[in-house]
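Encoded as structure tokens, the structure appears first; notes follow it.
The values are calculated or read from the model by the stated rules, or taken from the named source; none is laboratory data. Everything numeric here is computed off the predicted structure, so don't read it as measured data. FYI the Cβ positions are ideal-geometry reconstructions off the backbone, even for glycines, and counts take in every protein chain you see. Accessible surface areas use protein heavy atoms only, side chains included; no ligands, DNA or RNA. Shrake-Rupley method; radii C 1.70, N 1.55, O 1.52, S 1.80 Å.
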Amino acid sequence: MNKSNQTSNILRQEGNDFYKKREFFLALLKYNQSLCYAESESENLGLAYANRSAVYFEMKLHDQCLKNIDLAEKNSYPKLNFEILNQRRAKCTELTTKKSQNVFKLSLPASRKLPFIANCLKIENNEKYGRHIITTADLSVGDIIAIDRSFCSIPISESQFVKVSELNIYQRCNNCLKSNQLNLIPCKSCCCAMFCSQECYEFAMKYFHQYECPVITDILKSGSVNMSLRIFFISLSLFGGNIKSLQRFYEETKKNMKNVFDFDHSTLINAEDVLIMKLKCLISLSKSSKKYQMMYQKSILSSLSSLNSIYTENIDFIHDYIEALCQISDHNFHGIFSSNLGNKTFDNSNLKSLQEPIGSGSFLFTSLINHSCTPNILRICVDGEMCLIVCRKIEKGSQIYDCYKNNFLMETREKRQNILNQHFNFRCDCEACLNDWPTLKELRVKDVKLMKYAKKINDELIESLNSSSKLANSFKKCKDILQENFKNYPSMELCIIQKSFATFLLKLAAQNISLVK
């Protein structure tokens, strides 16, 4: 798709129609599309930014409004209309208030070497579990023990595995996946990439987007193709386009396997040093045995004139390297989700239905955590970062467990085992599998009084989600109940309360970083 002022005009007019109806989320989406199709240095850029500023003004997002007024003036907005923007700027300046701060922070002191995880987390290695994470301190329900930032994240617009909005690419930064309340800037060349800041745009252009830009419509058709190629482009850029240097690095890294605990992250200030370290950790992750044909990757690489002779002269290594990245992604990459709580008809029986997929990422610490069908942490995505939050009391010396697929509440042991064997080639022996715990519908009640509360909080869930005071109170009560009654787990009442607890967490994440639809 090429830039087109005609298409940009049509999309902006569609945005105006939504604005008149006060359907602000849809108006912003259309203005973002209009920005992406606007030709370089055209008036269409300024007009779309100006219209976006009007939406933010109506939504009382005054900081965002001011930023878009500045962008409009810098991008060919008609000088005859400057008075309109100046009046809006004056009103915004009066009304601007301090931004709310993100509440998702570590609950415990941070590790000195790994400042993004709690200092009580430790890596161990044994024959049964391989590399795994334990805690050296008691952990309580609600504790945030890690905020893991991915080495590489990609947005998705098409998927054969999950339902995803094709307009996702106009809602998220192509580099970090932040929504920034839809205040994004377009790529100057393609129509399918937006960025949350000039810094993200420059980072993307330096490390991967200069390769992706000409073929982005093909890349977006497959998440696995997108991720493997992006990591290859980042790898190549880190070595200045010298494929032989990358090959030597790859071979040496395979001989000296390292993980995130082998590095002092507090000393890594230079962005490239951080990327090199993360690439080493990524290469050291376990691989699946699956073989990839890589038809799409080969087709895209051969069409890129920017690679010139690099691809044809080093085809064997490049294919081997990209296949290794695909194999690593099989077991170690995670889906990135955004809260879906704007839809009041959501299904609280299934946590996955409360979130919508927006991308995939390589989270190097999270990848070290083993699976259990009865996990003791939840993974909540907060603007592209993975927050790990305790959902069951964890005693000192215990292992931290994630859930790779459906937990015991949703599927029988036989179904879970089949899925895990098919996707990850192992047989789970967690306590839910060893004891063949029943699904939620078949669990028995252990505390009648708590069961009444569980039903009440489930019935009043929508009301609690839409009231800040009720949300805070309900969240705290769920957290305290799960902490104090951990010995009764699993029981129907505690599992229902745990699901409500998870829903409240998603709402807290949405309130802090997302645009309310």
Subset tally (residues that are at pLDDT 95 or above, under 12 Å from Ile369 (Cβ atoms) and in a loop (DSSP other than H, G, I, E, B)) for region 95-134: 0
Odd one out for Ile69, checked against (1) free of Cβ contacts under 8 Å to residues at least 60 places away in the same chain; (2) under 26 Å from the mean Cα position of the chain (by Cα); (3) open to solvent by less than 30 Å² (accessible area, probe 1.4 Å): (2)
Region 3-19 residues that are assigned to a helix (DSSP H, G or I), paired with ones that are open to solvent by 70 Å² or more (accessible area, probe 1.4 Å) (beta carbon under 6 Å, 6 or more apart): Asn5/Glu39
Close pairs (6 angstrom Cβ cut-off, 6 or more residues apart or separate chains): free of Cβ contacts under 8 Å to residues at least 40 places away in the same chain in region 322-339, among the hydroxyl-bearing types (Ser, Thr, Tyr) anywhere: Glu323/Tyr292
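Residue-wise test of (1) open to solvent by 20 Å² or more (accessible area, probe 1.4 Å); (2) without any contact (Cβ under 8 Å) to a residue 40 or more places away in the chain.
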| site | (1), (2) |
| --- | --- |
| Glu431 | yes, no |
| Pro438 | yes, yes |
| Asp459 | yes, yes |
| Glu463 | yes, yes |
| Leu494 | no, no |
| Phe501 | no, no |
| Leu505 | no, no |
Residue that is farthest from Leu275 (Cα to Cα) [pool: residues in region 220-259 that are in contact with a Leu (Cβ under 9 Å, 6 or more places away or on another chain) and buried (at least 22 other Cβ atoms within 10 Å of the Cβ)]: Asn226
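Every residue in region 398-431 that is assigned to a loop (DSSP other than H, G, I, E, B), at pLDDT below 90 and on the phi < 0 side of the Ramachandran plot, please. Steps first, answer last, please.
Initially, region 398-431 is screened for residues assigned to a loop (DSSP other than H, G, I, E, B), giving 398, 400, 403-412, 425-430.
Now narrow it down to the ones that are at pLDDT below 90: 405-406, 425-426.
If the condition is that a residue be assigned to a loop (DSSP other than H, G, I, E, B), at pLDDT below 90 and on the phi < 0 side of the Ramachandran plot, then Lys405, Asn406, Phe426 are the ones that fit.
Output the number of residues of region 198-217 satisfying the condition of being closer than 19 Å to Cys152 by Cβ and touching a Leu at 6+ places or on another chain (Cβ under 9 Å).
Taking region 198-217 as the starting set, the residues that turn out to be closer than 19 Å to Cys152 by Cβ are 199-213, 215-216.
If we keep only those that are touching a Leu at 6+ places or on another chain (Cβ under 9 Å) too, we end up with 207-208, 211-212, 215.
The number of residues fulfilling the criteria is 5.
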Residue match in region 17-39 (condition: touching a Cys at 6+ places or on another chain (Cβ under 7 Å) and closer than 17 Å to Phe195 by Cα): yes
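Determine which member of the set Leu182, Leu177, Leu167 is open to solvent by 10 Å² or more (accessible area, probe 1.4 Å), under 30 Å from Phe25 (Cβ atoms), modelled with pLDDT under 95 and among the hydrophobic types (A, V, I, L, M, F, W, C). Don't jump to the end; show me each part of the working.
Values: Leu182 fails: open to solvent by 10 Å² or more (accessible area, probe 1.4 Å); Leu177 fails: open to solvent by 10 Å² or more (accessible area, probe 1.4 Å).
Step by step, each of Leu182, Leu177, Leu167 is checked, and only Leu167 is open to solvent by 10 Å² or more (accessible area, probe 1.4 Å), under 30 Å from Phe25 (Cβ atoms), modelled with pLDDT under 95 and among the hydrophobic types (A, V, I, L, M, F, W, C).
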Region 23-66 - residue that is over 25 Å from Met1 (Cα atoms) and acidic (Asp, Glu) and, of those, surrounded by the fewest Cβ atoms within 10 Å (Cβ to Cβ): Glu58
Filter result (loosely packed, with under 12 Cβ neighbours inside 10 Å and more than 15 Å from Val55 (Cβ to Cβ)) within region 1-22: Met1, Asn2, Gln6
